[in-house]
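The values are calculated or read from the model by the stated rules, or taken from the named source; none is laboratory data. The structure displayed is predicted, hence computed values, not measured ones. Here Cβ is always computed from backbone atoms with ideal geometry, including for glycine, and neighbour counts include all displayed protein chains.
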Amino acid sequence: MEDSGLGIASSDLSKIFESFSQLDGSFTRRYGGTGLGLAISKQLVELMGGTITVNSVKNLGSRFQFSIPLKKSHPITEPLPPQKMTCPSTEYHILIVEDDVVNQRVLAKMLKECGYGVTIAGNGFDAVEKVRNRQFDAVLMDVQMPEMDGLEATRRIRFINQRIPVIAVTAHVLQGDWERFLESGMDDYVSKPVKIEKLIDAIESNISSKRQDGRLENLEIQMTEDGQVVIAEKVEQFSRRLNIEGLQLLTKAIAALSQAVEEGKLFLFEKKLLISKNWPMKWT
């Protein structure tokens, strides 16, 4: 593989196959990267009994090549049967946060084939703004992105929406990574390369779990006079009380407000509000 990019100085050639080695920090901060790609490539090649080498000139480009001994394979006589994918019936709308265009297309195609609606954000800043401006059922969040990574984007999303499931889609699943994901506010992760079955399962289970948590928070436990425990929904109780008692009182208060505006006596209306502690329940 050959490129015409930044190139590598001869004094740095011995370092590039080391783990977490990044020769140009400013370039990495702008374009992303962890310094693991060449180290992993070297290990894979050597595990197969091969070698990998590099030739490079600073500011002119680099050439990487590897060789491995391979045996001739036998053709498969019977093709494998195609796998059937079961898609959910619910039409959720998913936000994909991914800076790589190819990954964007792959994830979007997977989800659209299952009937999901899809919106794409190319970086963390874009993701935060999209969550601020519209409702999504779940977020698929890449972790390693330039400008704003997935962890910081998730932290900011949590200031906007505590309920939306955020699922990391990443190759970063080393020891300690999951703890960092949780700390940022993420709910789950799916490792790359993505398998559609695991992706759908993560989406469906996390949306269901978040909605169940929301319903439980709307419940309260009460004890009646005869000692029975009653579980009731707060929203329903409030709506019922408002419909029975509050609607007429609220209508009466609105009429009084309109009259005060017409007569130019709004200050008297405001004064009445201040001294009426249980308004509108005791409005007269």
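Condition first: modelled with pLDDT of 80 or more and under 21 Å from D100 (Cβ atoms). Now tell me which residues in region 6-33 satisfy that.
Selection gives L6 alone.
Do we find that T154 is part of a helix (DSSP H, G or I), at pLDDT 90 or above and touching a helix residue (DSSP H, G or I) at 6+ places or on another chain (Cβ under 9 Å) in this structure?
Values: part of a helix (DSSP H, G or I): yes; at pLDDT 90 or above: yes; touching a helix residue (DSSP H, G or I) at 6+ places or on another chain (Cβ under 9 Å): yes.
It is true that T154 is part of a helix (DSSP H, G or I), at pLDDT 90 or above and touching a helix residue (DSSP H, G or I) at 6+ places or on another chain (Cβ under 9 Å).
Go through region 162-185 and give me each residue that's touching a Ser or Thr at 6+ places or on another chain (Cβ under 7 Å), part of a loop (DSSP other than H, G, I, E, B) and farther than 14 Å from Q144 by Cβ.
G185
Out of curiosity, is K71 under 26 Å from D149 (Cβ atoms), assigned to a loop (DSSP other than H, G, I, E, B) and at pLDDT 65 or above?
Values: under 26 Å from D149 (Cβ atoms): no; assigned to a loop (DSSP other than H, G, I, E, B): yes; at pLDDT 65 or above: yes.
No, not satisfied.
From the residues in region 74-100 that are among the hydrophobic types (A, V, I, L, M, F, W, C) and over 21 Å from S191 (Cα atoms), which one is modelled with the highest pLDDT? Before the answer, list the steps.
We begin by selecting, within region 74-100, every residue among the hydrophobic types (A, V, I, L, M, F, W, C); these are 76, 80, 85, 87, 94-97.
Those still in the list that are over 21 Å from S191 (Cα atoms) too: 76, 80.
Working: I76: 67, L80: 63.
By that ranking, first place goes to I76.
On the given criteria, is A202 in contact with a strand residue (DSSP E or B) (Cβ under 9 Å, 6 or more places away or on another chain) and modelled with pLDDT of 90 or more?
On the way: in contact with a strand residue (DSSP E or B) (Cβ under 9 Å, 6 or more places away or on another chain): yes; modelled with pLDDT of 90 or more: yes.
When the stated conditions are applied, A202 passes them.
Which of the residues that make up region 188-205 are assigned to a strand (DSSP E or B) and either out of contact with any helix residue (DSSP H, G or I) (no Cβ under 9 Å at 6 or more places or on another chain) or among the hydroxyl-bearing types (S, T, Y) (or both)? I'd like the intermediate steps shown before the answer.
First, the residues of region 188-205 that are assigned to a strand (DSSP E or B): 188-191.
If the condition is that a residue be assigned to a strand (DSSP E or B) and either out of contact with any helix residue (DSSP H, G or I) (no Cβ under 9 Å at 6 or more places or on another chain) or among the hydroxyl-bearing types (S, T, Y) (or both), then Y189, S191 are the ones that fit.
Here's the yes/no breakdown for (1) closer than 14 Å to L95 by Cα; (2) touching a strand residue (DSSP E or B) at 6+ places or on another chain (Cβ under 6 Å); (3) modelled with pLDDT under 95:
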site: A121; (1), (2), (3): yes, yes, no
site: Q135; (1), (2), (3): yes, no, yes
site: I160; (1), (2), (3): no, no, yes
site: A168; (1), (2), (3): yes, yes, yes
site: Q175; (1), (2), (3): no, no, yes
site: E179; (1), (2), (3): no, no, yes
site: L182; (1), (2), (3): no, no, yes
site: D188; (1), (2), (3): no, yes, yes
site: S191; (1), (2), (3): no, no, yes
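Under 6 Å between Cβ atoms, which residue pairs at least 6 apart in sequence (or on different chains) link something in region 182-194 that is more than 16 Å from S209 (Cα to Cα) with a partner that is modelled with pLDDT under 90 and in a loop (DSSP other than H, G, I, E, B)?
That search, which allows pairs on different chains as well, returns S191/V173; K192/A171.
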